[in-house]
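Structure first, then comments.
The values are calculated or read from the model by the stated rules, or taken from the named source; none is laboratory data. On a predicted model such as this, the values are computed, not experimentally measured, just so you know. In this analysis, Cβ positions are derived from the backbone assuming ideal geometry, glycine residues included, and neighbour counts consider all displayed protein chains. Please note that ligands, DNA and RNA were not included when accessible areas were found on the heavy atoms of the full protein model with its side chains. Shrake-Rupley method; radii C 1.70, N 1.55, O 1.52, S 1.80 Å.
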Amino acid sequence: MKIFIIPKKKVLVTCIISLIIIMINILYLIIKSPETFAVELSYNSVISDEFKDKIRNLVNGKEKTAYLTFDDGPNTSVTPKILDILRAENVKATFFVIGKYVEEHPEIVRRAYEEGHYIANHGYDHNNMTLYKSEESFIDEIKKTDKAIGEAIGKEDYCSYVFRFPNGYMSSQNKAKKEKAVILLSEMNYTYIDWNCLNNDSMKKYTKEQLLDNLKQSSKNKNTLVILMHDTKDVSDSSAVLEDSIDYLKSQGYVFENFYDLMY
């Protein structure tokens, strides 16, 4: 039997090379991985007034930046499709979720959160009669929704800090009550945001071509866009036109960001 003796120096060099190769592969996987874990927000997080001011004044921005926002989910048939497209396009969005649907489909919210999307608050059941019944009812809707999000993503004290009024603050519905609600939001260290661009997917049944044309018209001559879509298909299905919408906005020079980017 032949015995081969390998010099210690050669063994050391081989080990070093192997270690470098392993580290390069790990780094490659990290860079190529589509998963980007979101910022861990909680009721103890330090949220600056600057961040809240940026959110409130976002639609007045001068940069060609697009913020995709999706309301009324999660939905089992639409939200996963939207997440697949956003992942493929490397675009991060913001989801304004409804608390009762979060409780029904926590796995979808967890996926959105773990892929780097901002999970914001849209109330517990999108029922204005309940939401504005009293100050206590309004606060309860916010807290119940945050609690549902926290349970879905494994963070008990989650706080989203950003609220979107059902039908938007700009709507004339419940205007006086919404003005009082803004004060409550401020006391809770919250801010709110509407939108300045949309494809009208909740207005009536549109084809994907019509949805894209609606977006083009709504975005015309605007710089920063806060785009309203819905991850439901109650009326029109935005998931069917999302890829084309992203491609169009990119062709117009828009860069996509989400609300996490405003924290830095």
Cα-based equivalent ellipsoid of segment 83-143: semi-axis lengths in Å, sorted from largest, via gyration tensor: 28, 11, 9
Cut-off 18 Å, label 7 Å out along Cα→Cβ of Ser134, residues of segment 166-203 by amide N: 177-178, 180-181, 184-185
Cα Rg, Dmax, segment 148-206, angstrom units: 14.6, 40
Spherically averaged projected area of segment 91-214 from its Cα convex hull (nm²): 8.5
Estimated inter-spin distance, Asn223 and Glu104, nm [label 7 Å along Cα→Cβ]: 4.1
Heavy-atom accessible area order for Arg110, Arg164, largest first, 1.4 Å probe: Arg110, Arg164
Coarse-grained scattering of the chain at q = 0.07, 0.16 Å⁻¹, given as base-10 log I(q)/I(0) from a Debye sum over alpha-carbon atoms: -0.30, -1.25
Cα-Cα over 28 Å, subset of Lys54/Lys147; Lys52/Lys81; Lys144/Lys250: Lys52/Lys81; Lys144/Lys250
The chain: DSSP helices with Cα axial extent of at least 30 Å and average Kyte-Doolittle hydropathy no lower than 0.0: 8-32
Cα gyration tensor, segment 125-166 - rounded (a/c under 1.5), prolate or oblate: prolate
Value of D in µm² per second that Stokes-Einstein yields for segment 37-120, Kirkwood Rh from Cα pairs, at 10 °C (1.306 mPa s): 113
Rg over Rh, two decimals, segment 203-251 (C-alpha only, Kirkwood Rh): 0.94
Relative contact order [Cα under 8 Å, 6+ residues apart], the chain, whole percent: 27
Net charge, Arg164 excluded, C-beta distance under 11 Å - Lys, Arg +1, Asp, Glu -1: -3
